[in-house]
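The values are calculated or read from the model by the stated rules, or taken from the named source; none is laboratory data. Just so you know, these numbers come straight off a predicted model, no measurement behind them. Cβ coordinates were reconstructed from backbone atoms using ideal geometry, including for glycine residues, and neighbour counts include every protein chain displayed.
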Amino acid sequence: MLKVLIVDDEPFVREGLKLIIPWEEYGFSICGEGIDGKDGLDKILSLDPDLVLMDIKMPGMYGIEVVKSARDNGHLGKYIMLTGYSDFEYARTSIILGVSDYILKPIDEDELIAAIKKVRSVIENENDIKRHIRNSEQILRQEVLKDIITGEEKQSVDDTRLKDSNIDMNFNSFQVAIVQYSEIKTETSNKELFETVRELLETEDNVELTFFENKAMLLLKGTDATKSLLILEKLHKRLSGRLKTNIIITLGRTVENKEDIVNSYKDAKELIGTMFFYSGTRILAWDQMKDEVGIDSAEEPTGELSKYVEEIYTYLEINDSDRIAEVFRNFELYLKRSKFSPEKVKGLYIDIFVELKERVLANYTQLAGSMPSNEEVISIIYEKENFQELMDYIEELVSSISGKICNTSSDNVVRRVINYMEKNYNKPLRLEALAELFNYNSAYLGKIFRSYTGENFNSYLDRIRIDNAKELLTQKDLKIYEVSERVGFKNKDYFFSKFKKYVGVSPKEYKRQSD
């Protein structure tokens, strides 16, 4: 019998789960109950259940926190999470921790039974693999290879064990590759993956194979990065054809001694998390990735979300799709370097949309009825399975908003020009250049600008610059000529004359009065 542990802070839920399912009929026996997250974690570590049925929100620790802590402490059992509708998206993120399924409350008996049967099938497949390895003459070889790759038991991989396992480690380079399904496949067991990889690698020299964490682990010995990729390309092509499903392979860095093999293994594991960014990519290699996005950089990635939002909004108002795309490309690079999870990436794009929408509606209130709701956008973003789909949707969304702004009245055109001036007053601005930027005739733009503001373009720009200069002059560490340059006046004398015209006193006198 497989052991099942029920963890929920509501006693009637625990009792109901014990009664509504004929556990023994499906090969399970209840080994205990947990009354909250902390108690559940203690029971998991002491009872070592094969399956944990657990509420996602409980006092003390949330269900996902329990799973992570249990995994960190070596628990290899399966989990089914119970969740309310409001936590449904949160529950979906638990899949990355190896949670087998999630069930919405109130619990449907048939749905729960289907999930239990699926988990039992997975456990039986894994046990088949374990029995296969135990019953083979390769058991010692598998254990030693796992110890070498994970680096968990360096002391155990001594010369005697290496000799007994018949593993030759006299090479000057090593790399670790991980082979796995791109998604959970209930119809194809992990045993089939392992057996197929083993069969396909029989003709390859100096490639060792073991299986743990439901993945095939390859140790490539004495090959350079180019040769390793050739081997893996060939393997991927044959695997995909044989298993008729998507396979992903990640390849860690090249190391020169067996003590550092664990670093190559960690690289390969880390790259699995970046697959979200590379839809359609068959093989991700650490050596290539570090050149593309600086994945090995010791520096923290720079850049604030607000900086990207500011740039996108600026180009959104002038409908410059090329510049918008450029900002998104830079943001993509930032995300890859930051090594954010898919959930974090989606959350950041939601933040971008919400802030952009707030800015648009603050300046163009008449667009309120034509803007998509936050709930609609959030729902669509969370449905995206890879980064390219997410980017395509976001760029299309921003382009649509930009088009709506550009189709507004002449008053709104002037407001867009003013917004641009207020953000870029320190740059050389000319009416002719802005007219070209906003796709308007300069004479017509000048006419509607004066009609809306009561001033001509240059006078309005001077006033924006002087208003900002007044604020900068109150800062004691700035000299007057520095203030002049910062607000866009390249000629100091011209700045003095304009300042006195609008303020009534010279910059020097204004600065003295503000001290």
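Quick notes on this structure:
- Count of region 381-398 residues which are in contact (Cβ under 8 Å) with a residue 60 or more places away in the chain and either outside any helix (DSSP H, G or I) or charged (D, E, K, R) (or both): 4
- Given (1) within 15 Å of the chain's Cα centre (by Cα); (2) surrounded by 15 or more Cβ atoms within 10 Å (Cβ to Cβ); (3) assigned to a helix (DSSP H, G or I), number of the condition Lys344 does not satisfy: (2)
- Boolean, Val122 is touching a helix residue (DSSP H, G or I) at 6+ places or on another chain (Cβ under 6 Å) and at pLDDT below 90: no
- Considering Lys501, Lys490, the condition of being charged (D, E, K, R), modelled with pLDDT under 85 and either buried (at least 16 other Cβ atoms within 10 Å of the Cβ) or farther than 30 Å from Cys406 by Cβ (or both) is satisfied by Lys490 alone.
- When restricted to residues that are closer than 15 Å to Leu284 by Cβ and not polar (S, T, N, Q), region 232-269 contains 15.
- Residue count for region 370-382, restricted to those that are modelled with pLDDT under 90 and closer than 14 Å to Val345 by Cβ: 1
- When Gln513 is tested against the conditions (1) within 44 Å of the chain's Cα centre (by Cα); (2) farther than 30 Å from Cys406 by Cα; (3) exposed (fewer than 13 other Cβ atoms within 10 Å of the Cβ), the lone failure is (1).
- The number of residues in region 1-53 that are assigned to a helix (DSSP H, G or I), free of Cβ contacts under 8 Å to residues at least 12 places away in the same chain, farther than 17 Å from Lys105 by Cβ and of a type outside the set (D, E, K, R) comes to 1.
- Look at (1) aliphatic (A, V, I, L, M); (2) closer than 24 Å to Glu310 by Cβ; (3) surrounded by 15 or more Cβ atoms within 10 Å (Cβ to Cβ) and you find that Ala433 fails only one, number (3).
- Any hit, region 421-430, residues being charged (D, E, K, R), surrounded by 18 or more Cβ atoms within 10 Å (Cβ to Cβ) and out of contact with any His (no Cβ under 6 Å at 6 or more places or on another chain): no
- Meeting the requirement of 2 or more residues that are over 24 Å from the mean Cα position of the chain (by Cα), the strands (runs of 3 or more DSSP E) wholly within region 207-267 are 207-212, 215-221.
- Some residue of region 134-146 being surrounded by fewer than 18 Cβ atoms within 10 Å (Cβ to Cβ), at pLDDT below 70 and in a helix (DSSP H, G or I): yes
- Arg337 being surrounded by 14 or more Cβ atoms within 10 Å (Cβ to Cβ) and either over 20 Å from the mean Cα position of the chain (by Cα) or in the same structural domain as Leu271 (by TED's automatic domain parsing) (or both): no
- Each residue in region 348-379 was checked for being surrounded by fewer than 15 Cβ atoms within 10 Å (Cβ to Cβ) and either part of a helix (DSSP H, G or I) or not assigned by TED's automatic domain parsing to the domain that holds Ile324 (or both), and 14 pass.
- Residue that is modelled with the lowest pLDDT, among those in region 79-113 that are closer than 21 Å to Leu2 by Cα and in contact with a Ser or Thr (Cβ under 8 Å, 6 or more places away or on another chain): Tyr102
- Of all residues in region 348-399, those being more than 22 Å from Val417 (Cβ to Cβ), touching a Phe, Trp or Tyr at 6+ places or on another chain (Cβ under 8 Å) and not aromatic (Phe, Trp, Tyr) number 13.
- Positions within region 379-405 being among the β-branched types (Val, Ile, Thr) and over 25 Å from Ile272 (Cα atoms), in sequence order: Val398, Ile401, Ile405
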